[in-house]
Amino acid sequence: NAGVTQTPKFQVLKTGQSMTLQCAQDMNHEYMSWYRQDPGMGLRLIHYSVGAGITDQGEVPNGYNVSRSTTEDFPLRLLSAAPSQTSVYFCASTKDGSYEQYFGPGTRLTVT
Amino acid sequence: SQQGEEDPQALSIQEGENATMNCSYKTSINNLQWYRQNSGRGLVHLILIRSNEREKHSGRLRVTLDTSKKSSSLLITASRAADTASYFCATTNFGNEKLTFGTGTRLTIIP
């Protein structure tokens, strides 16, 4: 299994641009989530999904959209990038009934 | 808001020594987990302790949980250079699978 994969690894955007961060998992996990990691702040939950067709907001959802059309994929969309969205973004998945999360390698995003 | 806070924020020890880091949290939890993050990488799950457990071991790792003090500790025995990483606690509340992470402890093992 490839586990949780994320693309791209690095991205530079200009303020106002939009883009989609991709996340996929091949473990048939129902629960998936997106976090952002900023220096000294740990990880903060952006959005999560408990299964295909179901998404919900986390702690810091503003400026981000998600959808979950399949069990495998959980893309994160930045609608209009702002410098405050400069961060490292992690996608994670969890097997139903478990609490252990499997993390992707992250996407480092810089907004100028 | 962050549920957990780790203490200390940074820790440097000699290889072979034991490393202890602490986590405090604010609300009642279902379980608490510890994760490791190597520089530039994703997080890796280390160990989970449930709210009705007081101590758990996994290899060189020992985790304790004191729900009355809302705190947990992670002990790494006989540290190795490869243990150099950031360590995060994360809590789950009853009724959902959302993880709330602490701010992390950066551990450096000096060869």
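The values are calculated or read from the model by the stated rules, or taken from the named source; none is laboratory data. Note that the coordinates shown come from a computational prediction; the quantities given were computed from them, not determined experimentally. Glycine also receives a Cβ, built like all others from the backbone with ideal geometry; neighbour counts cover every protein chain displayed. Surface accessibility is based on the protein's heavy atoms, side chains included, excluding ligands, DNA and RNA. Shrake-Rupley method; radii C 1.70, N 1.55, O 1.52, S 1.80 Å.
Per residue of A:41-47, how many C-beta atoms from partner chains lie within 10 Å of its own C-beta, taken as a mean? Walk me through the numbers on the way to the answer.
Working: counts 5, 15, 12, 4, 4, 0, 0.
Taking all residues of A:41-47 together, the mean is 6.
Given R₀ = 35 Å, FRET efficiency for A:Ser67-B:Thr27 by Cβ-Cβ distance, to 0.05? Don't skip to the answer; put the middle values down first.
Details: r = 30 Å, r/R0 = 0.87.
Efficiency, rounded to the nearest 0.05: 0.70.
Can you work out the accessible area per residue across the protein assembly as shown, with the rest of the protein chains kept in place, probe 1.4 Å, in square angstrom?
Per-residue value: 47 Å².
Calculated FRET efficiency, B:Glu55 and A:Thr5, Cβ-Cβ r, R0 35 Å, to nearest 0.05?
Working: r = 36 Å, r/R0 = 1.02.
Approximately 0.45, to the nearest 0.05.
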By a straight-distance test (C-alpha under 26 Å), which lysines pair with B:Lys69 as possible cross-link partners, with residues fewer than eight away in the same chain excluded? B:Lys26, B:Lys56, B:Lys98
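Once R0 is set to 22 Å, what does the formula 1/(1 + (r/R0)^6) return for the Cβ-Cβ distance between A:Asp38 and B:Arg41, expressed as a FRET efficiency to the nearest 0.05?
Working: r = 17 Å, r/R0 = 0.75.
FRET efficiency, A:Asp38 to B:Arg41: 0.85.
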Using only Cα atoms, locate the centre of segment B:28-91 and the centre of segment A:14-57, then give the distance between them in Å, rounded to an integer. 23
Students often check this: by mean Cβ neighbours within 10 Å, which of A:6-19, B:44-57, B:22-35 ranks highest, and how do the rest follow? B:22-35, B:44-57, A:6-19
Quick calc, the protein assembly as shown, dipole around Cα centre from Cβ unit charges on Lys, Arg (+) and Asp, Glu (-), nearest 20 debye, gives 280
If you restrict to DSSP beta bridges whose two residues both lie in chain B, what percentage is antiparallel, to the nearest 5? 90
Take A:Ser80 and A:Thr112, extend 7 Å from each Cα along the Cα→Cβ direction, and tell me the distance between the two endpoints in nm. 2.2
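What does the charge add up to near B:Glu55, with Lys and Arg as +1, Asp and Glu as -1, over the other residues with Cβ less than 13 Å from its Cβ? Each step should come with its number before you reach the end.
Details: positive: B:Arg50, B:Arg54, B:Lys56, B:Arg62; negative: B:Glu53, B:Asp66.
Net of charged neighbours comes to +2.
Residues of A:88-100, mean number of Cβ from any other protein chain within 10 Å of their own Cβ, rounded to a whole number? Before the final figure, lay out each step's value.
Working: counts 2, 0, 4, 1, 4, 0, 4, 0, 1, 1, 3, 13, 7.
Mean partner shielding for this stretch: 3.
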